[in-house]
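Contents: one structure, followed by commentary.
The values are calculated or read from the model by the stated rules, or taken from the named source; none is laboratory data. Keep in mind that what you see is a predicted model, and the values were worked out from it rather than measured. Cβ sites come from the backbone with ideal geometry, for glycine too, and all protein chains shown count toward neighbours.
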Amino acid sequence: MNLKTSLKMKDLDYYIKKFAQLHTDASPKRWSELTCHRAPHKPLLLLSILDLFAQKVVNANLLEITNDFGELFLLYWSKIMTQGQRGNLALPFFHLQYEKFWHLVPQKGKENILSNLRQMRSIHQLIDLIVGACLDDELFFLLQNEKNQNLLRVVLIETYFSSKLRPLLIEQGKTNIEAYYYSQLLLRQSTKAEISDKGEISSEYRTAIRNQGFRRAVVTAYQHRCAFCGIRMLTPEGRTVVEAAHIIPWSTSRNDNIDNGLSLCRLCHWSFDEGLMSVSENLAVLISSRLTFGNNVPGHLQTLAGRGIITPFQDEFFPAKEVLKWHRNNVFYR
């Protein structure tokens with residue numbers, strides 16, 4: 001069967017119906033009316049996939065389990081679920097195979113294990129058994145088109161989420177796409193990186209795009225390592241221990257260039273913002289005498305004094321000398 005004949009059988013209308021009739025856990029006791037009393041895992045996974053296609057990062061019909069994929073899923077999850085409910089990408093990634101348009105690709109030698117498996121408990125198990133997943137060729141072809149992406153997005157949001165959540169999910173999708181392009185501008189070392197403004201957008205929306213894009217660019221440049229203590233920890237779900245810190249705050253500099261940023265773990269980030277840590281002209285960690293003030297027990301932070309910082313993978317992303325000097329003169333307590 002050639003592609004043209006196949007597309008007549010599995011056209012856009014076919015996938016609209018498939019997206020609107022996902023097999024999801026339905027229980028008023030477990031799921032609130034906000035998600036139409038149904039588990040939101042599969043719809044949120046599919047929204048994340050639509051974002052990847054919109055970002056034009058899917059070049060082949062194989063969706064792998066990457067940090068970026070996991071982060072998109074968690075961004076949607078945190079937008080609509082309470083803090084105590086943790087999202088697990090492994091569940092929808094595995095169980096979506098029963099919708100027939102999602103085909104799991106097993107790791108070499110794990111084919112029999114996967115074919116006999118009925119439950120998936122964790123990301124660790126998923127990665128151990130699965131390379132990724134392929135879509136129907138017809139669906140992969142249709143998702144190259146922005147109009148098709150948007151139509152399927154509407155189907156998911158209007159079918160599985162209440163009217164209260166729909167605007168939040170639409171905004172999060174737009175933010176994910178805009179933030180990705182903003183991060184790519186920053187990573188290309190554009191000195192005129194601007195958030196595209198299609199019509200009137202709120203300052204809150206613009207801030208969300210900028211924050212997410214800056215964080216992604218800086219953390220990528222430092223390969224998810226803390227510039228001060230060197231820690232790199234990522235959960236299989238895509239959560240990272242590091243954050244993006246402005247050296248000169250955005251409120252003062254209006255500068256999102258990567259050379260005005262540092263990738264720092266939460267403790268080092270807080271200490272840097274409070275002036276308890278800084279960076280010397282020769283890119284060594286500086287520790288303030290106030291770190292041991294009073295009854296403070298700074299632990300391992302003291303051992304970082306004089307140690308060279310972890311630098312980005314490209315020289316042009318190194319922190320700029322003038323912004324480091326500003327921090328030493330205006331924030332750091334000597």
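For region 121-144, which positions are free of Cβ contacts under 8 Å to residues at least 40 places away in the same chain and out of contact with any Leu (no Cβ under 8 Å at 6 or more places or on another chain)? Lay out the reasoning, then the answer.
Of the residues in region 121-144, the ones free of Cβ contacts under 8 Å to residues at least 40 places away in the same chain are 121, 125, 128-129.
Correct list: Arg121, Gln125, Asp128.
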Task: Cβ-Cβ under 9 Å pairs, at least 6 apart or on other chains, region 68-82 side free of Cβ contacts under 8 Å to residues at least 24 places away in the same chain, far side outside any helix (DSSP H, G or I) - done: Ser78/Gly87
- [ ] Sort out which residues of region 21-36 are within 27 Å of the chain's Cα centre (by Cα) and of a type in the set (A, V, I, L, M), and write them in order of number.
- [x] Leu22, Leu34
- [ ] Taking Ser115 as meeting all but one of (1) assigned by TED's automatic domain parsing to the domain that holds Gly213; (2) over 24 Å from Asp68 (Cβ atoms), write down the number of the exception.
- [x] (1)
- [ ] All but one of (1) charged (D, E, K, R); (2) closer than 29 Å to Tyr205 by Cα; (3) in contact (Cβ under 8 Å) with a residue 60 or more places away in the chain hold for Lys56, so report the exception by its number.
- [x] (3)
TODO: Could you name every one of the helices (runs of 4 or more DSSP H) located completely within region 25-142 that has at least 1 residues being within 30 Å of Tyr182 (Cα to Cα) and either touching a helix residue (DSSP H, G or I) at 6+ places or on another chain (Cβ under 6 Å) or among the hydroxyl-bearing types (Ser, Thr, Tyr) (or both)?
DONE: 41-54, 67-80, 90-95, 123-129, 137-142
Open item on the list: For the structure I just gave you, tell me whether Ile209 is modelled with pLDDT of 90 or more, assigned by TED's automatic domain parsing to the domain that holds Thr311 and either part of a helix (DSSP H, G or I) or exposed (fewer than 14 other Cβ atoms within 10 Å of the Cβ) (or both).
Closed with: yes
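Of the residues Glu243, Glu281, Glu322, Glu274, which single one is under 30 Å from Gly70 (Cβ atoms) and not assigned by TED's automatic domain parsing to the domain that holds Gln125?
Glu243
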TODO: Would you check if Tyr180 is of a type outside the set (Asp, Glu), assigned to a helix (DSSP H, G or I) and at pLDDT below 85?
DONE: no
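Residue by residue, here is whether (1) within 30 Å of Leu126 (Cβ to Cβ); (2) among the basic types (Lys, Arg) holds:
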| site | (1), (2) |
| --- | --- |
| Thr235 | yes, no |
| Thr240 | yes, no |
| Ala245 | no, no |
| Arg266 | yes, yes |
| Asp273 | no, no |
TODO: Please give the number of the condition Met81 fails out of (1) farther than 23 Å from Phe140 by Cα; (2) surrounded by fewer than 16 Cβ atoms within 10 Å (Cβ to Cβ).
DONE: (2)
